[in-house]
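Scroll down for the structure; my scribbles are underneath it.
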2 protein chains.
Amino acid sequence: MSAAVAEETVSPSGPPSGGKKLTKLQQLRAQRATALPEHPWPENPVFLPQLAELIRAGDCCGLWDGKSDARILGGYVVTKEQRKTIPIIGEPDGRVLRRLTMFYNAVGTAIGRRTDVIATPLMELSDEGFGRVVLTAGRLVAVSRTLRDVHRFGFDSLEEADAAGAALVEEGARMIEAYPGIVSMA
Amino acid sequence: MSAAVAEETVSPSGPPSGGKKLTKLQQLRAQRATALPEHPWPENPVFLPQLAELIRAGDCCGLWDGKSDARILGGYVVTKEQRKTIPIIGEPDGRVLRRLTMFYNAVGTAIGRRTDVIATPLMELSDEGFGRVVLTAGRLVAVSRTLRDVHRFGFDSLEEADAAGAALVEEGARMIEAYPGIVSMA
């Protein structure tokens, strides 16, 4: 029930049918969803569909139903101008942290699809937005990255996000294929 | 100045000299420090001296000066009876988390002393006290442990704590010595 209401409320395909009375918040959400332009979807994306799939898998209440992948992943695009306006003082925004976590989770599952070995992400962040993320498989560190200015995590375009994710998947998969002995160690 | 005062206040070697007037809190602290019995120090400890050294290295204000290693590490002893009384609901206590972090940090530096390769700890904990810790060196996971019931992190005795730490160091050092190629990868 609640799922159906939410879906209708934020549907981007026009104003919701007049049958239901919307709260002010729901109206605002519906307006905003249709008002914001979608970022251009890259040709032949490799990584982004898997990222969108993972995000949809965690959609408990149907909020993303009827929205395109480009809209769901819109938050991953942070232009240079936007980046400059985000302060890097204090804790990073919760939404940025969720995006970052989801990004590396998706890298892990994508590596799993390619190599049949899921690389488990492990992230440690300071409150100042510095830290480290690794994806481990058995006793191998398949992917390792230093994170900084996490507050401003994002890409210039969806195409760039796709390329960045695909590069991480490629790196991790190649490591796992190169060292099967280390990967199979408990 | 402040360091000297603190040292005198909490000195376990008897009540502080009458020259200084102590605040109520300082009096309580001094009483408590002498009242609590020290846990028996193990014979020929391997790991605990390094753990104590690391904790002393972070002692900004001289609070640990004049205290024995056994007292500094007293918090690592949690008896079975104490353990039962600690609820595992809600976030783990901050002091427990600090002890846990320090424990694995010390394992990393101890591995570094033995192998000349420092293993970097990376820990991820849920608010419910479940999680994972790895110590990585280059592309190798030297040590990997699942953590659970972190709220009750502790050992039956200092001897057991020493053995547990030494076992982790041993495991990590052996891994690093066995796979130098993986360790030297960036």
### Task
Distance check, please: which entries in A:K24/A:K84; A:K24/A:K80; A:K24/A:K67 exceed 25 angstrom between their Cα atoms?
A:K24/A:K84; A:K24/A:K80
### Query
Where is the GNM fluctuation largest for chain A (alpha-carbon springs, 10 angstrom cutoff): A:E43, A:E159, A:E91?
A:E43
### Query
In angstroms, what radius of gyration and Dmax does chain B have, counting Cα atoms only?
18.7, 62
### Task
Leaving ligands, DNA and RNA out of it, work out the accessible area of A:R145 with a 1.4 Å probe and give it in Å² to the nearest 10.
80
### Message
If I take every Cα pair under 8 Å that is 6 or more residues apart in chain A, average their sequence separation and divide by the length, what percent do I get for the relative contact order?
### Response
23
### Summary
Rounded to the nearest 0.05, FRET efficiency between B:E160 and A:I86 (Cβ-Cβ, R0 35 Å) equals 0.15
### Message
Could you report the accessible area of A:W64 in Å², rounded to 10, computed with a 1.4 Å probe on the protein chains as they sit in the structure?
### Response
80
### Summary
With the label set 7 Å along Cα→Cβ, A:F130 is separated from its counterparts in the other copies, in nm and shortest first, by 3.3
### Query
For the charge dipole of the protein assembly as shown, defined by +1 on Lys and Arg C-beta atoms and -1 on Asp and Glu C-beta atoms about the Cα centroid, which residue among B:T23, B:N105, A:G66 has the Cα displaced farthest towards the positive pole?
B:T23
### Query
When only C-alpha pairs under 8 Å and at least 6 residues apart count, what is the relative contact order of the stretch A:108-167, in percent?
21
### Message
For the pair B:L25/A:E170, report the inter-label distance in nm, with labels modelled 7 Å from Cα in the Cβ direction.
### Response
5.7
### Query
Hey, what number do you get for chain B at 222 nm if only DSSP H runs of n ≥ 4 count, each worth -39500 (n - 2.57), divided across all residues, to the nearest 500?
-14500 deg cm²/dmol
### Task
Over all alpha-carbon pairs in the protein assembly as shown, figure out the percentage whose distance exceeds 26 Å.
64
### Residue order for B:M123, B:M185 - accessible surface, 1.4 angstrom probe, largest first
B:M185, B:M123
### Query
In percent, how large is the relative contact order of the stretch A:67-165, given Cα pairs closer than 8 Å and 6 or more residues apart?
35
### Magnitude of the charge dipole, the protein assembly as shown, Cβ model with Lys/Arg +1 and Asp/Glu -1, debye to 20
980
### Query
In nm, what does the list of distances from A:S68 to its counterparts in the other copies look like, shortest first, when each label sits 7 Å along Cα to Cβ?
7.2
### Query
Charges only on Cβ, +1 for Lys and Arg, -1 for Asp and Glu: so what's the dipole of chain B about the Cα centre, in debye to the nearest 20?
500
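The values are calculated or read from the model by the stated rules, or taken from the named source; none is laboratory data. Since the model is a prediction, treat every value here as computed from it, not as a measurement. For neighbour counting, all protein chains shown are included, and Cβ atoms are generated from backbone atoms with ideal geometry for every residue, glycine included. All accessible areas refer to the heavy atoms of the entire protein, side chains included, with ligands and DNA or RNA removed. Shrake-Rupley method; radii C 1.70, N 1.55, O 1.52, S 1.80 Å.
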